[in-house]
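Remarks on the structure that follows.
The values are calculated or read from the model by the stated rules, or taken from the named source; none is laboratory data. Values in this document were obtained by computation on a predicted structure and should not be read as measured data. Cβ atoms come from the backbone with ideal geometry, glycine included; neighbour counts cover every protein chain shown.
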């Protein structure tokens, strides 16, 4: 699985995800084209392409279709990501989880991939390309954070609205900005 960047005048204009058979992953490429049309930066397009590559690898390995990706499968995806070795060297000195295969993906990387997956499914629902009614990457109100209010600084819309992203009731994490949700915040 690879990400192909189409460059025009030194700027990435289009990002395409290619599967192991050499075919374009059409649904992901359509989403990336939507992001490009929405004015996202070339770096963001590339980051989404690399993050969604992990989702496609999981879907392919599990032998399921997009419509089979449910909240229960989202929990399996979280476990899959937490066991994946990182291909990159450490960016910072510090404590990292390592196995006999090397360092694992960091928690921040896993949260970024989950956020990209959530955005992808939000788009797929709107584009009528996903058969599920709700986003399998569910968001829930964080009652403790909402009660703490201004006493706890979490940044962004978590501070303003008391929300955390959640993987179908599993791991809560960083706030995902969506259209208009996070007008107040950093």
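Residues of the stretch 31-72 being touching a residue at least 60 places away in the same chain (Cβ under 8 Å) and either over 21 Å from residue 20 (Cβ atoms) or not in a helix (DSSP H, G or I) (or both), which ones?
Once the filter is applied, which keeps residues that are touching a residue at least 60 places away in the same chain (Cβ under 8 Å) and either over 21 Å from residue 20 (Cβ atoms) or not in a helix (DSSP H, G or I) (or both), the stretch 31-72 yields 34, 47, 67, 69, 70, 71, 72.
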Q | Enumeration of residues in the stretch 47-74 that are in contact with a strand residue (DSSP E or B) (Cβ under 7 Å, 6 or more places away or on another chain) and either within 21 Å of residue 127 (Cα to Cα) or modelled with pLDDT under 90 (or both) | A | 49, 52, 53, 56
Q.
Criterion first (closer than 21 Å to residue 131 by Cα, surrounded by 12 or more Cβ atoms within 10 Å (Cβ to Cβ) and either at pLDDT 90 or above or in contact with a strand residue (DSSP E or B) (Cβ under 6 Å, 6 or more places away or on another chain) (or both)) does residue 77 satisfy it?
A. yes
Q | Test set (1) touching a strand residue (DSSP E or B) at 6+ places or on another chain (Cβ under 6 Å); (2) at positive phi - residue 86 fails condition number | A | (2)
